[in-house]
Amino acid sequence: MRMPIVAVLFYLLAGCASIETDPARIQRAETYQPTPGMASVYVIRDMRAYPTMDLGVTITKLPREEGGFADTLLLKLNTFARMDVEPGLYELRSIPMTFSMFDQSPGNEVNLAPEQLYFYRLAPEQSFSGTVFFMDEVPAADAMGLIKERRMQLVTN
């Protein structure tokens, strides 16, 4: 019963993510300054993260009973997202838009500190059911370089 609910959730969210067009928001994301009192999480999806389908990225406050979803975005190829969240323990997860329970990647549990920047890159790995995506933490300089070099676009919801 849970999988149809997840499928409906992502179907509804599919139209919610789009390329950011507000120059001020784009400039803020590309200056890499943390938001006061918040943790700033960047997730990048470059050409290395195949296939071409959209990938759902969720950040969930833990324990789940207290927080639920803090943010959910869909990333296309050569895009990145910035999510500003309250400090605390979170799970980061990538879910391909195939709605298969076998495609869900294990989440990364991370303790996010205030006024810190965190950078993750979607990384594909083959499994018995196909490709699953992991969120690999990457050095800030590498992530910033990829965003600039590949002219990635900022995604918002």
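Things to note:
- Test: residue in the range 87-107 that is modelled with pLDDT under 80, closer than 18 Å to residue 155 by Cβ and in a strand (DSSP E or B): yes
- Boolean, residue 114 is modelled with pLDDT of 90 or more, closer than 18 Å to residue 137 by Cα and not in a strand (DSSP E or B): yes
- Hey, residue 66 modelled with pLDDT of 80 or more, outside any strand (DSSP E or B) and of a type outside the set (Ser, Thr, Tyr) or not: no
- Options 79, 72: the member that is closer than 21 Å to residue 35 by Cβ, buried (at least 16 other Cβ atoms within 10 Å of the Cβ), within 16 Å of the chain's Cα centre (by Cα) and modelled with pLDDT of 85 or more: 79
The values are calculated or read from the model by the stated rules, or taken from the named source; none is laboratory data. Note that the coordinates shown come from a computational prediction; the quantities given were computed from them, not determined experimentally. Note that each Cβ is placed from the backbone with ideal geometry, even for glycine, and that neighbours are counted across all protein chains shown.
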